[in-house]
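Laboratory data are not the source of any read-out in this text; all were calculated from the coordinates shown. As the structure is a computational prediction, the values presented were derived from the model and not from experiment. Using ideal geometry, Cβ is built from the backbone for each residue, glycine included, and neighbour counts are taken over all protein chains shown.
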Amino acid sequence: MNLKQIQEEIQKNFKSSQQLLSFDEYCSFMSKNPASQIRGSAAYTADMMDGSNVFANKVVGNEEVQKHIYQSLRAFSRIGMNHRLILLHGPNGSAKSTIVAAMMDGLEKYSHQAEGALYSFSWIFPVDRVVRGSLGIRGESERKATPLQSFATLTDEEIACIIPSELKDHPLLLLPLAERQQFFKELDLPQNFEIPSRIKQGGLSHRDQSIFQALLSNYHGDYAQVLKHIRVERFYLSKVYRSGLVSIEPQMHVDAQFQQLTMNKSLSQMPTSLQSLNFFTLTGDLPDSNRGMIDYNDLLKRPIDTYKYLLTACETGKVNVGHSILHLDTVFIGSSNELQLDAFKEYPDFNSFKGRIELVQVPYLLELSQEMQVYTPFIKNIAGDKALTPHSDWCIAYWGVLSRLKKPQRENYSSELGAIIDKFSPVDKLRLYDTGEVPSRLNNEERKLIRSSVNEIKNEYKNVPYYEGRTGASAREMKTILIDAAQNHEFKTLSPLAIIHEIRKFTHKVSEYDFLRQEIIDGYHDQDYFIETILEEYATIVDREVRECLGLYDTKQWSDFIKKYIINLSALLKKEKMKNPITGGYDEPDQSLLNEFESIAGAPKEAAPKDQFRMNLISQIGAWTLDNPKETIDYFRVFPELKQKIEKHYYESQKSVLQKMNIALKHFGTDHEDPNSEGVKLARQTIENMQKNLGYTVDGAKEVIGFLMSKKY
């Protein structure tokens with residue numbers, strides 16, 4: 001694209017986006033879709049959150065938090081004003097700032113779309129040659145065309161002075177209050193649409209009202225002549241340029257200033273009647289944020305007296321600044337860590353603030369799959385020249401979630417559920433939260449009880465000060481661990497083993513992190529146990545991968561084995577014969593298959609316990625089918641414990657093959673390797689498959705196989 005094409009494209013976009021309008025043109029434009037123009041900042045933000053095309057940067061795992069914010073915004077819009085500050089509170093590094101940043105990013109994108117168009121206005125005063133006279137009402141236009149109906153379309157050289165609305169006020173505030181009410185009645189607004197009180201009953205800012213009144217007086221009440229000076233302008237939300245989006249750090253002053261506007265050359269060319277006015281301007285964070293969102297980062301780190309004005313701002317939408325009253329239509333949002341909030345609750349005036357604050361809890365994530373999504377892109381970015389070994393994101397996320405879990409308290413549940421949940425290990429709880437997996441040691445009735453009580457278990461600590469997810473490793477700390485692992489020269493790749501090495505070092509920093517000093521209770525908060533658990537889980541994962549790449553692991557074959565057993569067992573219990581697909585005749589259930597399977601599964605040998613074992617399996621199939629009527633039976637999901645036993649059985653029979661390969665790896669790729677040996681052939685086949693199918697490098701594959709052999713064989 002050459003420069004001329006760029007120029008044409010910019011001009012085309014400028015015209016199509018309707019960036020400059022006269023007041024009449026704006027009224028005609030907004031009447032086509034009045035709700036989108038009349039909505040306040042709360043409804044605007046909620047509508048942005050509804051639009052997946054602009055709010056794509058949703059924060060992983062915080063859907064409940066975002067839902068709470070969304071509901072609060074909808075409540076504000078129904079009331080007609082933003083009467084509360086939304087305060088996100090949680091431990092350090094729980095994504096509070098990330099949530100706010102995602103919302104601001106979404107708002108900025110939304111303001112660039114047609115459905116998110118925002119408009120304010122400026123006062124336009126032409127040069128003397130365009131319209132003669134002290135106020136432009138005496139004499140005729142020097143143009144030969146029809147006299148101007150609006151100065152909105154004048155070019156820069158035809159304008160003597162432009163005064164923008166300092167608060168980006170809504171153009172409809174230029175309508176006098178009584179006429180504005182009638183104007184709204186004639187619009188085609190949705191049923192139950194609540195016009196924001198700022199637009200419905202508010203007025204212009206002090207400076208805009210002064211200009212309006214002076215013009216109206218000098219035009220002897222000719223309102224149409226006043227509107228000639230109005231240019232309605234589209235504006236865009238921007239955090240960088242502080243246009244409707246402002247994020248402020250803790251500071252010691254009120255977030256707005258009132259100062260006199262210095263007379264300059266352009267102001268001196270205004271009509272004489274306006275030059276006599278003392279113009280003041282409002283500046284600062286609050287004026288800059290109007291019509292958008294203001295974020296008070298770490299709000300409670302500020303001295304409380306410096307933000308008492310927020311009580312009035314949230315309740316009335318107004319703040320006294322100097323000789324003026326600042327009228328606001330802004331979404332107030334802030335963040336705080338839990339220690340600061342705890343201290344704030346002890347403050348004598350807390351109850352006054354409580355009624356103006358919407359508290360939104362932002363805990364650490366407790367679901368493994370969600371936590372992994374936080375690190376997957378980050379790990380790729382920091383790996384640098386190092387290759388990235390699979391499961392690195394799983395490893396760091398697994399440790400992070402384990403560090404945050406709290407032991408269930410038996411007394412918080414019914415006696416039956418309490419007896420089961422009291423024996424849950426941290427890993428049991430992690431799996432239940434993430435996938436709904438129930439420990440295989442439980443019987444069928446106990447499993448059903450746990451599955452039906454998942455929400456109760458998740459909410460056990462929800463309404464207590466030290467809720468689950470308040471303590472543990474934060475994303476910031478885990479990202480530091482990942483960076484250290486990427487820079488560790490002892491490891492050729494960024495791998496789970498490198499990460500575990502850094503986790504082990506990190507857990508020794510007991511004096512620096514409170515969560516490392518928590519009392520160990522039945523494995524909860526036990527960092528050594530967590531590390532060993534991760535190593536065991538990791539060994540199981542890579543064991544399966546290596547065997548698959550060796551051609552020794554066939555999940556379909558094992559699944560079919562379970563399926564054939566269940567089909568034969570069902571026929572046996574029903575005392576039915578089975579149709580032979582080859583002969584077409586009917587045979588007795590395959591007793592040898594039943595015996596082989598039950599031997600591998602460790603079924604009881606005595607008749608009565610064996611019958612109970614068989615009935616439990618059939619019951620599990622029935623229960624799963626009832627819960628998943630439209631799904632094909634997944635035997636591994638129904639019987640995870642049987643899958644483990646079958647795997648173990650086959651693993652034991654394949655040790656010798658793996659040991660041959662491991663011996664060959666010691667000389668793999670060197671001058672000492674024997675290319676014709678069985679071990680080398682196995683090693684080459686395995687590494688090639690790990691590269692091709694799983695994304696390993698040669699170094700990563702060798703590291704994994706070496707770890708596996710030392711851990712399990």
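Between the listed residues Ile562, Ser165, Leu237, the Cα displaced farthest toward the positive end of the dipole of the chain, a dipole computed from Cβ unit charges relative to the Cα centre, is found at Ser165.
Bridging of Lys448 to aspartates and glutamates at a Cα separation below 20 Å is possible for Glu416, Asp422, Asp428, Asp434, Glu437, Glu456, Glu460, Asp627, Glu631, Asp634, Glu641, once same-chain residues fewer than 8 apart are set aside. Of the listed values (i) 37; (ii) 28; (iii) 31, identify the label whose number matches percent of Cα pairs over 50 Å apart calculated from this model. From the options (i) 37; (ii) 28; (iii) 31, the structure gives (i).
Give me the number: length gained by fully extending Gln644 to Asp24, i.e. 0.36 nm times residue separation minus the C-alpha to C-alpha distance, one decimal in nm. Write down the numbers at each step before the final one.
Details: separation 620, 0.36 × 620 = 223.20 nm, distance 7.47 nm.
So the extension gain works out to 215.7 nm.
Checking the cross-link pairs Lys423/Lys605; Lys200/Lys318; Lys406/Lys462; Lys563/Lys643 against a 18 Å limit on the alpha carbon distance flags Lys423/Lys605 as lying beyond it. Within a straight-line Cα-Cα reach of under 16 Å, Lys681 can be paired with the following lysines, leaving aside sequence neighbours fewer than 8 residues apart in one chain: Lys660, Lys666, Lys702. Quick check: the angle from helix 698-712's long axis to the longest principal axis of the chain, C-alpha only, nearest 10 degrees? In the chain, helix 698-712 runs at an angle near 50 degrees to the longest axis.
Can you compute the helix-only [θ] at 222 nm over the chain? Use -39500 (n - 2.57) per DSSP H run of at least 4 residues, normalise by all residues, nearest 500 deg cm²/dmol. Can you show the working numbers first?
Values: 33 runs with 354 residues, N = 713.
Helix-only estimate at 222 nm: -15000 deg cm²/dmol.
The charge dipole of the chain, taken about its Cα centre with unit charges on the Cβ of Lys, Arg, Asp and Glu (plus for the first two, minus for the last two), comes to roughly 880 debye. The HN-Hα couplings worked out from phi for segment 595-609 by the Karplus form 6.51 cos²θ - 1.76 cosθ + 1.60 (θ = phi - 60°) are 5, 5, 4, 5, 5, 5, 6, x, 5, x, 8, 5, 4, 5, x Hz, whole numbers, x standing for Gly and Pro. Angle between the Cα long axis of helix 475-487 and the longest principal axis of the chain, 0 to 90 degrees, nearest 10? With both axes taken from Cα atoms, the answer is about 60 degrees. Most simply put, the chain has about 55% antiparallel DSSP beta bridges, counting only bridges with both residues inside it. Mind pulling the angle between the C-alpha long axis of helix 206-218 and the longest principal axis of the chain? Nearest 10 degrees, somewhere in 0 to 90. The answer is roughly 30 degrees.
The protection proxy used here, the mean number of other Cβ atoms lying within 10 Å of each residue, ranks peptides 90-100, 329-339, 105-115, 593-603 as follows, highest first: 329-339, 90-100, 105-115, 593-603. Stretching the chain fully between Tyr586 and Arg74 yields a gain of 177.7 nm (0.36 nm per residue, less the alpha carbon separation). Among the GluC sites (Glu not before Pro) in segment 345-377, those placed in a DSSP loop whose Cβ has at most 14 other Cβ atoms within 10 Å are Glu346. Check cross-link reach from Lys228 to the lysines: straight Cα distance under 19 Å, and skip same-chain residues fewer than eight apart. Result set, ordered by chain and number: Lys144, Lys168. Peptide packing: for 572-583, 557-568, 40-51, the average count of neighbouring Cβ atoms within 10 Å per residue gives the ranking 40-51, 557-568, 572-583, highest mean first. For segment 616-660, the list of GluC sites (Glu not before Pro) that fall in a loop by DSSP and count at most 13 other C-beta atoms within 10 angstrom reads Glu631.
Taking 0.36 nm per intervening residue step and subtracting the Cα-Cα distance, what contour gain separates Arg637 from Glu179 on full extension?
158.1 nm
Measuring nothing but how far apart in sequence close Cα pairs (under 8 Å, 6+ apart) lie, relative to its length, the chain scores a relative contact order of 13 percent.
Order of 432-440, 517-525 by packing, highest average Cβ count within 10 Å first?
Values: 432-440: 16.4, 517-525: 14.4.
Per-residue mean Cβ counts within 10 Å order the peptides as 432-440, 517-525.
Dipole of the chain computed with +1 at Lys/Arg Cβ and -1 at Asp/Glu Cβ about the Cα centre; of Ala102, Gln659, Leu177, farthest Cα towards the positive end is Leu177.
Using DSSP to call loops (not H, G, I, E or B), can you name the chymotrypsin sites (Phe, Trp or Tyr not before Pro) in segment 460-513 whose Cβ has at most 11 other Cβ atoms within 10 angstrom?
Details: sites: Tyr461, Tyr466, Tyr467, Phe491, Phe506, Tyr513; in loops: Tyr461, Tyr466, Tyr467, Phe491, Tyr513.
Of the chymotrypsin sites (Phe, Trp or Tyr not before Pro), the ones in loops of segment 460-513 whose Cβ has at most 11 other Cβ atoms within 10 Å are Tyr466.
Here Glu186 and Tyr347 are evaluated by their C-beta separation; at R0 = 41 Å the FRET efficiency comes out at 0.25.
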